[in-house]
Amino acid sequence: MRTHTSTRVSSRIPSRALPVAAVAVAAALTLSACGGGSSDPDATASISLQNCGRTVTLDGPAERAVTVSQGATETALSIGAEDRMVGTAYLDDVIAPQWQDAYATIPVIEESDYPSREALLETRPDLVLSSYGSAFDEKAIGSQDSLADVGVASYVSPFGCADKSLRAPAEWESISGEITDYGVLFGRGAEAAAVVEQQDETLTAVRSAASGAGKSIFWYDSGTDTPYVGANAGGPQLIIDAVGATNVFAGLDGSWADGSWETVLSANPDVIVLADASWDTADQKKAYLRSDPALKDLTAVREDRFVVLPFSTTTPGPRLIDGAATLSDQLAGERG
């Protein structure tokens, strides 16, 4: 389980054209192809940006940025900022196809974990960005204060503020705000606005389809003894709400939380969404569900009503809308 993931879907949920997802991916490909430069009039202006109770200050747009989580990396790539990045770290699964070529141009410091502080500082970064506050632990790259002491600015996703009272509400508008922040930090305001516009268009299509109406969903992230589940205030809940379905763990606070198998058995969900991560694959979770004496009799397990989403499409950022579009289309396929 991470401290806070190719898309595959069970063959029992019919395979068919994915109109909403196709629109989202096509638009992302178009945006990434246009990301080589910026026409922002303030692309060289000094920056002062509020983030999780701190002020991020830069003399101008970042020129030597390092991202230390996949969400941060893909947010930067979505606005065409690869030319301003000198390192990346920590993948949950694989970079989205539309950004793989750009990603390949950036040095990878550490693929499966946070980099050491020493390895990070060797890149001489001016800005470090992460989706999770855990990156700024003394056992990882060090505190934000300690980075500031050596002249390195830092930014953490508003969903990952160390002070939970400062975290952004679980709303699509909050995701738009983070993408907009990246536009400011990299001098890519126009590109960020285009990403937000496409997100909003795809979200409207997902909500209109309402393919999850009347369905209950168990969002299974990881864990066996105790399931780690999508709760009521994060990416999973945003996706579930967008498709019009019901989260069987909507009573748990937070983005993810420890659930219980008793609740799953009692709810007997219509669909099980499996997060596919390098550190806990969808296949591992399927195998566990099918082998457990009680869980194997759940209707969704017996009838293979699984939807598999890469973990990177289940966390707030530019790929969350792809997760919503994919779930929407798979539920529509099942209904059809």
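The values are calculated or read from the model by the stated rules, or taken from the named source; none is laboratory data. Quick caveat: nothing in here was measured; it's all calculated off a predicted structure. As a convention, Cβ positions derive from the backbone with ideal geometry for all residues, glycine included, and neighbour counts pool all protein chains shown. Ligands, DNA and RNA are excluded from the accessible area calculation, which covers all protein heavy atoms including side chains. Shrake-Rupley method; radii C 1.70, N 1.55, O 1.52, S 1.80 Å.
Key figures
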read-out: GluC sites (Glu not before Pro) within the stretch 227-336, DSSP loop, no more than 14 other Cβ atoms inside 10 Å; value: E303
read-out: Lys, Arg +1 and Asp, Glu -1 on Cβ, resulting dipole of the stretch 192-331 about Cα centre, debye, nearest 20; value: 240 debye
read-out: Ellipticity estimate at 222 nm from DSSP helix runs (n ≥ 4, -39,500 (n - 2.57)) divided over the chain, nearest 500; value: -10500 deg cm²/dmol
read-out: Percent carbon-and-sulfur accessible area, the stretch 106-159, ignoring ligands, DNA and RNA, probe 1.4 Å; value: 46 percent
read-out: Point-to-point label distance, E173-E201, nm (Cα→Cβ direction, 7 Å offset); value: 2.3 nm
read-out: Förster-model FRET efficiency, 41 Å R0, D113 and T246, C-beta, rounded to 0.05; value: 0.70
read-out: Dipole magnitude of the chain about its Cα centre (Cβ charges: Lys, Arg +1; Asp, Glu -1), debye to nearest 20; value: 920 debye
read-out: Trypsin sites (Lys or Arg not before Pro) restricted to the stretch 126-175 and DSSP loop, no more than 13 other C-beta within 10 Å; value: K139
read-out: Percent accessible area from carbon and sulfur atoms, the stretch 276-336, protein chains only, probe 1.4 Å; value: 44 percent
read-out: Spin-label model distance (nm) - T55 vs R290, 7 Å beyond Cα toward Cβ; value: 5.7 nm
read-out: V94/D145 FRET efficiency (R0 35 Å; Cβ-Cβ; nearest 0.05); value: 0.55
read-out: For the stretch 51-116, the spread of Cα positions along each principal axis, largest first, Å; value: 32, 23, 18
read-out: Two-decimal log10 I(q)/I(0) for the stretch 279-336, as the Debye equation yields it once each C-alpha is a single scatterer, q = 0.28 Å⁻¹; value: -1.07
read-out: D101-R302 pseudo-label distance in nm [points 7 Å out on the Cα-to-Cβ vector]; value: 4.9 nm
read-out: Euclidean distance between Cα centres, the stretch 146-191 to the stretch 278-336, Å; value: 29 Å
read-out: Prolate/oblate/rounded call for the chain, Cα gyration tensor, a/c under 1.5 rounded; value: prolate
read-out: Long-range HN-HN contacts of D113 with modeled amide H, under 5 Å; value: Y90, L91
read-out: Loop-located chymotrypsin sites (Phe, Trp or Tyr not before Pro) in the stretch 256-336 whose Cβ has at most 16 other Cβ within 10 Å (DSSP); value: W279
read-out: Antiparallel DSSP beta bridges within the chain, as percent of all bridges there, nearest 5; value: 35 percent
read-out: Average accessible area per residue (Å²) across the chain - probe 1.4 Å, nucleic acids and ligands excluded; value: 40 Å²
read-out: Expected-Rg normalisation [2.2 N^0.38 Å, Cα atoms] applied to the stretch 213-336; value: 0.94
read-out: For a label point 7 Å along the Cα-to-beta-carbon line of R64, residues of the stretch 122-142 with backbone N under 13 Å; value: 122-128
